[in-house]
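The values are calculated or read from the model by the stated rules, or taken from the named source; none is laboratory data. All values reported here derive from a predicted model rather than from experimental measurement. Positions of Cβ are generated from backbone atoms using ideal geometry, with glycine treated the same way; all protein chains shown enter the neighbour counts.
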Amino acid sequence: MDKEFDSGPVDDSGRYGSGKAQGPTARVRRLRQQSLDAEPSISTERAVLMTAFYRQPRTLVSEPVWRARAFRHLMEHRTVCILDGELIVGEKGPEPKATPTYPELCCHSLEDFEILDGREKTPFRVSEQARREQAGTVIPFWQGRSMRDRILEAMAPEWHEAYQAGIFTEFMEQRSPGHTVLDDKIYRKGMLDFIADIEAAMDGLDDSADPLAWERREQLKAMKITAGAIITLGRRHAEEARRQAGLEKNAQRRAELEEIARICDKVPANRPDTFHEALQYYWFVHLGVTSELNPWDAFNPGKLDQHLYPFYRRETAAGTLTRRAAEELLHCFWIKFNNQPAPPKVGVTAAESSTYTDFAQINTGGVKADGSDAVNEVTYLLLDVIEEMRLLQPSSSVQLSRKNPDRFMKRAARIIRTGFGQPSVFNTDVVIQEMLRTGKTLEDARNGGTSGCVETGAFGKENYCLTGYFNLPKILEITLHDGVDPQSGKRLGPRTGQAAEFKDYDELFAAFARQVRHFVDIKIRGNQVIEQLYAHHLPVPFLSLLIDDCIATGRDYHAGGARYNTSYIQGVGLGSITDSLSAIRHHVFNEKSVSMTELLDALGSDFDGQERLRQLLVNRTPRYGNDDDRADDIMREVFEVYFGAIDGRPNSKGGSYRINLLPTTVHVYFGSVIGAMPDGRRAGKPLSEGISPVQGADRKGPTAVLRSAAKMDHARTGGTLLNQKFTPQVLKDEEGLDKLVQLVRGYFRLDGHHIQFNVVDAETLRKAQASPEEYRDLIVRVAGYSDYFCDLGEALQEEIITRTEHEAF
Amino acid sequence: MTTGIVFDIKRFSIHDGPGIRTTVFLKGCPLHCPWCHNPESQHPDPDVMLYPGRCIACGSCVDACPEHAISRDAEGKAVTDPALCKRCGTCTEHCYAEARRRVGQEMTVSEVVEEVERDRDFYEESGGGVTLSGGEPLSQKAFALELLRESRERGIRTAVDTCGAVAWSVFEAVRPYTDLFLYDIKHMDDAAHRENTGAGNRRILKNLEKLSALGHAINLRFAVIPGINDDEENIRRTGAFAAALPNRHPVSVLPFHAAGGEKYKRLGQSYTLGELGPPQDHRIAGVARLLEAYDLEVRIGG
């Protein structure tokens, strides 16, 4: 997602922006505040329970059944938490923001705990007891036998070298392959129905006809155990609610607790019949999936407005539910997400600034399975909730089809204007094209959407796993040194020629393309092994029973059980690589104003004493983001090389590799491992993020950025991420909101995949004053016109800063 | 091919007419309003603007200047002697740091229209198009006419932001290719108009009446300049005039802004309005109320 999410909860001011007459109820305000105030901490409960389970003598059971029993052990013994006033119940840890760890996957060292406890940003408090349990129980058992240990052991030396050089990252070394989203099946079926499906599948197995029937039976047995375990978790919450009801003096709360007990007895065992039951059911499923392992990114309910609409319509028509009551339940549901910080990392990544957000992205809008406009009353209700809650989690998105009304987008624009980075906006019509291209049925494509940051998937039917980021600019640095990483002096890639001897740009680009393919191969070779390690050692029977067609095929989610199986490698630094190649082409080969040797010398010295040359590279290079075909054509060539190196290659699950272009925050890390670049970027500075231009490179306003970005074929990706900045004044009035809607519609007409808006605050303007070069693209409304902030005189800049402070929403 | 002097092409222009627009700024203006926030637009020929904050003291411009008009100060930064500078712009070619930028370049109609056409998708989604502004765009009559005709030919809607101080024949020529005029009214008193802008207002108001009589779409624009045109009498006369036009046109009240002051410095010109600040919000609201009393559709801001 984006960097502003690094600083924890977005807003704790208690400010509610919806303009709805009533606002959240007192209960919701209190629970929300409690969520904001709760300090993230490490809970060792899960780790200790898993350790105790794994310590038992391993009887003659298959791996999936063993994992299923471990899950059952957890559901039977974990703390059950119902907080005062809650309507939706259940926490992943023993209390809000008490965050479990997953030692079977990666085991935190005591040093990791110290870092998590002490780091300035996004810390996790570690109690003395947690330290003791980690040292006395967890570490002695898991050290050297976690999945992470297995993975690092199994990787080839070339993989380790490239990984250490920062050429790519590996998602699965700390979190399990996840990244899937639920469809509507749980609103039609209780866990007992799933068990019936599992039993039917088992009955259908015939060992004489199917040589893999034994393996399928074991997988199905495991799924059945976990379905029972989640029913147990529901019943344990019912018991706790009844216990609290027995002690409760307040009649209203007692009635609420009795209702909670009734609901938790009913779901997840049975199909939900009410709005409240539907939400509570989903929440138990969420806890199950995110407790079984720690899948990237957090599971989420997907198209929640569509899932809830039948309940809402039926109950409001019958008079058993009011909009206000539904809204309160949704508020409670939202707070539940915010209580679950993303699982903290281990090793070097624990030291880096991280984020609490776990990227659960609730979708609104889009189209129905029959292709018609899916916006309904619950869509608007959800948008109200998003605005009123202003919480870091869950994240939210607007799925905008050309069939959706402008009213929908304009409602979302009002929230965007409040400046907390949500909701992000996706182009449904292109998302569907992306899915059709990769073989989904039309119906599955329409029922799909986006999740995590921007990733496209067929909800409830696809394992679309992000496997790691790929550092495109680093490859150029290595290409310019004939396969050697100048930061370490090590040879990492093949010899593709001395840069000074390239006769023309095409030779350089061909060498770059060869290096890209070389490192993609290393990455994919590693991925294949890692995917199989998960399939063999950490199957996920609970997640499997939720995703089609794991039950029907008797295969685990990690082993290709999903209907569609996609592995993504996410390209990073598109703007930086394009501008760097463009600078070389323009200045070295076309204008011949700089020789390759001079350029390499300047890069090697980080432009020491070469400021004029650096200014030439920065200001006189055709750069991506200005609708300049000289640069944008290079971007497209880079895209084709990257796409060609990855797309369609088989993964271990019977599916294919695909590309994505998104960075989360890795563009900072990837920049830190690269020296100065030909685009004038100094050594160690962040790369461009997503498919956005290099910071400050775009000088022609947002439509030019969108036009540049749209020149790549988004339909051949599984998601691209584009950030745009605005100051509040631009979006101040109705007309400004209309123009934002029109801008989005224009980009989507060009088949752009995604756009999100950061409304710039006064602090950002101060930064722009201090380092204008990085903010050359920042447009502010001056008076009856807009201008680049950095081009304004200081007095005027000051005035605009003051105005921005006053007009913040 | 007709060419003209363009000093900026601003895309995603959202305050100069309906929808998302591209505004093409043509250089040269018959008026010389001291409050002009685009002083670089006034002179018909290219100018050089200075951004001393960006100077990296490389000295390249000093060597490049054919007039020897540039020297270096104590910090090594470039300083131009305005008496020697002939605005040839040679220095801007050597200034990679963009501390010296040329304002105004000769462009052909097709170069401009090709740039304009790039945002067609956004115009079509928003009901936008191209706006010619300046300077006074109609002072480059043939170029403006060609731009409008060629834009129309390509299905792009057009607007012209004008001060009105051109011959009626120019309006007659461009009118068939212009969807909307954004028409400035600066002062109702002819003498005050002349004193402040360098020209009287008779022709401006006459052109406006004729244009209105022809039923053309016009948005009137009234920039409120404190102490110059914001007295009650002038505002009432403005309202009465607008109300008496053959057709009704919406009026935009635009608060003066000192933003241009910085640019005068960059052009090496003096800025005569000194410390004049923007009118207070209640003053602007007051102006709007006075105008509304004439049954006009008034909006504040562009």
**Q.** Enumeration of residues in segment B:174-197 that are of a type in the set (Asp, Glu) and either in contact with a Phe, Trp or Tyr (Cβ under 9 Å, 6 or more places away or on another chain) or touching a residue at least 24 places away in the same chain (Cβ under 8 Å) (or both)
**A.** B:179, B:184, B:189
Q) Name the pairs whose Cβ atoms lie under 6 Å apart, with the first residue in segment A:605-619 and more than 7 Å from chain B (Cβ to nearest Cβ), the second of a type in the set (Lys, Arg), and 6 or more positions between them or separate chains? A) A:606/A:682; A:607/A:614
Q: Tell me which of these residue B:265 doesn't satisfy, since it passes every other one: (1) crowded, with 18+ Cβ neighbours inside 10 Å; (2) closer than 24 Å to residue B:38 by Cβ.
A: (1)
Q) So which residues in segment B:2-22 are among the aliphatic types (A, V, I, L, M) and within 16 Å of the chain's Cα centre (by Cα)? A) B:5, B:6, B:9, B:14
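Okay, residues lined up against (1) over 20 Å from residue A:617 (Cα atoms); (2) modelled with pLDDT of 95 or more; (3) out of contact with any His (no Cβ under 6 Å at 6 or more places or on another chain):
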residue: A:669; (1), (2), (3): yes, no, yes
residue: A:675; (1), (2), (3): no, yes, yes
residue: A:685; (1), (2), (3): no, no, yes
residue: A:688; (1), (2), (3): no, no, yes
residue: A:700; (1), (2), (3): no, no, yes
residue: A:704; (1), (2), (3): yes, yes, yes
Q: Could you tell me which of the residues A:229, A:278 is within 22 Å of residue A:61 (Cα to Cα), modelled with pLDDT of 95 or more and part of a helix (DSSP H, G or I)?
A: A:229
Q: Name the residue, out of B:235, B:284, that is among the aliphatic types (A, V, I, L, M), surrounded by 17 or more Cβ atoms within 10 Å (Cβ to Cβ), within 14 Å of chain A (Cβ to nearest Cβ) and outside any loop (DSSP other than H, G, I, E, B).
A: B:284
Q: State which residue pairs qualify: first residue in a helix (DSSP H, G or I) and inside segment A:384-410, second residue among the small types (Gly, Ala, Ser) in any location, beta carbons under 8 Å apart, and separation of 6 or more residues or different chains.
A: A:384/A:18; A:386/A:396; A:387/A:17; A:387/A:18; A:388/A:17; A:388/A:18; A:388/A:23; A:408/A:365
Q: Read through the list (1) surrounded by 20 or more Cβ atoms within 10 Å (Cβ to Cβ); (2) in a strand (DSSP E or B); (3) facing chain A (nearest Cβ under 9 Å), then give the number of the only condition that residue B:24 fails.
A: (3)
Q: State all residues of segment A:720-738 that are assigned to a loop (DSSP other than H, G, I, E, B) and crowded, with 20+ Cβ neighbours inside 10 Å; if no residue qualifies, say none.
A: A:721, A:722, A:727
Q) When segment A:236-274 is examined, which residues are found to be under 23 Å from residue A:195 (Cβ atoms) and either surrounded by fewer than 17 Cβ atoms within 10 Å (Cβ to Cβ) or touching a Pro at 6+ places or on another chain (Cβ under 9 Å) (or both)? A) A:239, A:262, A:263, A:266, A:273
Q) Under the condition of being at the interface with another protein chain (Cβ under 9 Å from one of its Cβ atoms) and either part of a loop (DSSP other than H, G, I, E, B) or of a type in the set (S, T, N, Q) (or both), which residue from segment A:739-764 is surrounded by the fewest Cβ atoms within 10 Å (Cβ to Cβ)? A) A:750
Q: State all residues of segment B:34-69 that are of a type in the set (Asp, Glu) and either within 13 Å of another protein chain (Cβ to nearest Cβ) or surrounded by 21 or more Cβ atoms within 10 Å (Cβ to Cβ) (or both); if no residue qualifies, say none.
A: B:40, B:47, B:63
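Yes/no per residue for (1) touching a residue at least 24 places away in the same chain (Cβ under 8 Å); (2) in a loop (DSSP other than H, G, I, E, B); (3) more than 30 Å from residue A:454 (Cβ to Cβ):
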{"position": "A:180", "(1), (2), (3)": "yes, yes, no"}
{"position": "A:225", "(1), (2), (3)": "yes, no, yes"}
{"position": "A:243", "(1), (2), (3)": "no, no, yes"}
{"position": "A:252", "(1), (2), (3)": "no, no, yes"}
{"position": "A:256", "(1), (2), (3)": "yes, no, yes"}
{"position": "A:259", "(1), (2), (3)": "no, no, yes"}
{"position": "A:262", "(1), (2), (3)": "yes, no, yes"}
Q: Filter segment B:287-302 down to residues that are in a loop (DSSP other than H, G, I, E, B), away from chain A (no Cβ under 14 Å) and surrounded by fewer than 17 Cβ atoms within 10 Å (Cβ to Cβ), then give me how many there are.
A: 3
Q: Could you check, for segment A:153-168, whether at least one of its residues is at pLDDT 95 or above, outside any loop (DSSP other than H, G, I, E, B) and under 24 Å from residue A:62 (Cα atoms)?
A: yes
Q: Starting from residues that are assigned to a helix (DSSP H, G or I) and away from chain B (no Cβ under 14 Å), keep the ones in segment A:687-719 and report whichever is nearest to residue A:763 (Cα to Cα).
A: A:714
Q.
Against the condition surrounded by fewer than 21 Cβ atoms within 10 Å (Cβ to Cβ) and within 15 Å of residue A:691 (Cα to Cα), how does residue A:637 come out, does it pass?
A. yes
Q. Within the bounds of segment A:358-366, is there any residue that is surrounded by fewer than 19 Cβ atoms within 10 Å (Cβ to Cβ), touching a Lys or Arg at 6+ places or on another chain (Cβ under 8 Å), of a type outside the set (D, E, K, R) and more than 25 Å from residue A:97 (Cβ to Cβ)?
A. no
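One line per residue, one yes/no per condition, for (1) more than 28 Å from residue A:791 (Cβ to Cβ); (2) among the basic types (Lys, Arg); (3) outside any loop (DSSP other than H, G, I, E, B):
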{"residue": "B:159", "(1), (2), (3)": "no, no, yes"}
{"residue": "B:171", "(1), (2), (3)": "yes, no, yes"}
{"residue": "B:187", "(1), (2), (3)": "yes, no, no"}
{"residue": "B:194", "(1), (2), (3)": "yes, yes, yes"}
Q.
Looking at (1) of a type in the set (A, V, I, L, M, F, W, C); (2) without any contact (Cβ under 8 Å) to a residue 60 or more places away in the chain; (3) part of a helix (DSSP H, G or I), which one does residue A:209 not meet, given that it meets all the others?
A. (3)
Q) Does segment A:536-554 include one or more residues that are under 27 Å from residue A:653 (Cα atoms) and in contact with a Cys (Cβ under 8 Å, 6 or more places away or on another chain)? A) yes
Q: Please specify each residue of segment A:570-606 satisfying the condition of being out of contact with any Phe, Trp or Tyr (no Cβ under 8 Å at 6 or more places or on another chain), under 21 Å from residue A:631 (Cβ atoms), of a type outside the set (Asp, Glu) and outside any helix (DSSP H, G or I).
A: A:592, A:593, A:594
Q) Out of all the residues in segment A:411-452, which are closer than 25 Å to residue A:185 by Cα, assigned to a strand (DSSP E or B) and modelled with pLDDT of 95 or more? A) A:426, A:427, A:449, A:450
Q.
Residue pairs, Cβ under 8 Å, 6 or more apart or interchain, first in segment B:115-131 and at the interface with another protein chain (Cβ under 8 Å from one of its Cβ atoms), second of a type in the set (Phe, Trp, Tyr) and not in a loop (DSSP other than H, G, I, E, B). List them.
A. B:119/B:12; B:122/B:12; B:128/B:122
Q | Subset tally (residues that are in contact with a Phe, Trp or Tyr (Cβ under 7 Å, 6 or more places away or on another chain) and free of Cβ contacts under 8 Å to residues at least 12 places away in the same chain) for segment B:266-294 | A | 1
